[in-house]
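These notes are about the structure you will find just below.
The values are calculated or read from the model by the stated rules, or taken from the named source; none is laboratory data. Treat the numbers as computed from the prediction; the structure is a model and nothing was measured. The area values use the complete protein model at the heavy-atom level, side chains included, leaving out ligands, DNA and RNA. Shrake-Rupley method; radii C 1.70, N 1.55, O 1.52, S 1.80 Å.
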Amino acid sequence: MRIGVLGLQGDFREHLAVLRSLGVDARDVRTRAQLDEIEGLIIPGGESTTMAYLLEKMGMLSVLRERGEQGFPIYGTCAGMILLARELNDAYPEHRLALMDIAVKRNAYGRQLDSFEADIHIKDIGKFHAIFIRAPKIVRVGPGVEILAEHDGAPVLVRQKNLLASSFHPELTGDSRVHEYFLKMVTKG
Ligand code: GLN
């Protein structure tokens, strides 16, 4: 199986390492042409405004939006989740994929508490140690969105058909079960 990690900005190397540890042919994706070579894409954490700007500049934004609408599997972590969200209560980034029926508030867990860790419970996975870094908060989910995990009353892992999004960073914990969940979405739909 060949999976791409958007490599324009952010912590894509960590995602590549997790995927490779699972025996996946994982490659960083930086051009529109490379999108044709993969069966699913992970959009990493980083800075959503920068990533959105680069996606647009590389001519990848509209292609990826179209693919996502047609069933291509995409998993967005943190900044990646911001790019997937249809609604954002923040002016930036104005260019987004806007594929998932969720509303997200950037940096919503408080500026003083930039990062924190918590044990969460994920449906079909179980207990998972989650790391949040200047995390966006999901403040609304639409009817077609399944909540797979919550923390403090807010969803932190959600799925809408071929799309998966988390406000935390599973690539930083040495626990590959969320990545494995995404790989199942790619193979089984
Ligand atoms: N705060 C970042 C943003 O708004 C996201 C943080 C992250 O990806 N760890 O883009």
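Based on the convex hull around the alpha carbon atoms, the stretch 1-78 presents an average projected area of 4.6 nm². Shape class for the chain, computed from the alpha carbon gyration tensor (a ≥ b ≥ c): rounded, with a/c under 1.5. Leaving out ligands, DNA and RNA, what percent of the accessible area of the stretch 1-73 is carbon and sulfur, probe 1.4 Å? Here carbon and sulfur together make up 44 percent of the probe-accessible area. For the chain, adding -39500 (n - 2.57) for each run of n ≥ 4 DSSP H residues and dividing by the number of residues yields -7000 deg cm²/dmol at 222 nm.
For the stretch 93-189, compute the orientation-averaged projected area of the C-alpha convex hull (one quarter of its surface), in nm². If I average the Cα hull's projected area over directions, I get 6.5 nm².
Calculated on the Cα set of the stretch 101-149, radius of gyration then Dmax: 12.2, 34 Å. In this structure, the amide hydrogen of PHE168, modeled 1.01 Å from its nitrogen in the peptide plane, lies closer than 5 angstrom to those of CYS78, counting only residues at least 5 positions away or on a different chain. How much area per residue is accessible in the stretch 1-83 when the probe is 1.4 Å and only protein heavy atoms are counted (Å²)? Ligands and nucleic acids excluded, the result is 41 Å² per residue. For the stretch 118-124, putting each phi into the Karplus relation 6.51 cos²θ - 1.76 cosθ + 1.60 with θ = phi - 60° gives couplings of 8, 8, 10, 10, 9, 4, 6 Hz, in residue order, rounded to whole numbers and with x for Gly and Pro. For the chain, modelled as a GNM with alpha-carbon contacts under 10 angstrom, which of ALA85, ALA108, ALA52 fluctuates the most? Comparing ALA85, ALA108, ALA52 in the GNM, the peak value goes to ALA108.
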